[in-house]
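No value in this document is a laboratory result; all are computed from the given coordinates. Given the structure is predicted, the values throughout are model-derived calculations rather than measurements. We place every Cβ from the backbone using ideal geometry, glycine too, and count neighbours over all the protein chains shown.
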Amino acid sequence: MEPWVTPEMIAEHLGTEVRHVLDLTRRGIIPGRPLDPAAERKQWRYKKSEVDDAMRGNSTKVEDKNATVERKMAAAAPSHRNGGKRG
């Protein structure tokens with residue numbers, strides 16, 4: 001059985017910072033499980049194999065995936081042209 005690991009261990013495994021791992025988790029790019037889903041501040045745990053699968057499943061670089069997410073978020077944001085009025 002594969003052990004659950006901390007964000008710090010995943011950051012080391014991916015060669016990035018813990019902040020980036022948590023950001024990727026919040027964006028749904030890599031899978032993670034909160035120890036207490038109801039907690040205001042989540043403590044995440046990961047399975048390396050799931051993270052590796054998710055990273056391999058991304059046909060583009062993580063940076064490209066983040067740019068795609070940001071474009072989608074911008075497109076969904078309300079327009080402030082015309083003082084926020086439609087038409």
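Under the Karplus relation 6.51 cos²θ - 1.76 cosθ + 1.60, θ = phi - 60°, what is the ordered set of whole-Hz ³J(HN,Hα) values for the stretch 44-55, x standing for Gly and Pro?
Running phi through 6.51 cos²θ - 1.76 cosθ + 1.60 with θ = phi - 60° gives 8, 9, 9, 10, 4, 4, 5, 5, 4, 4, 5, 5 Hz.
Separation between the His13 and Lys48 pseudo-spin-labels, each 7 Å from Cα along Cα→Cβ, expressed in nm?
0.6 nm
Mind ordering 36-43, 22-29 by average Cβ neighbours within 10 Å, highest first?
Output ranking for 36-43, 22-29: 22-29, 36-43.
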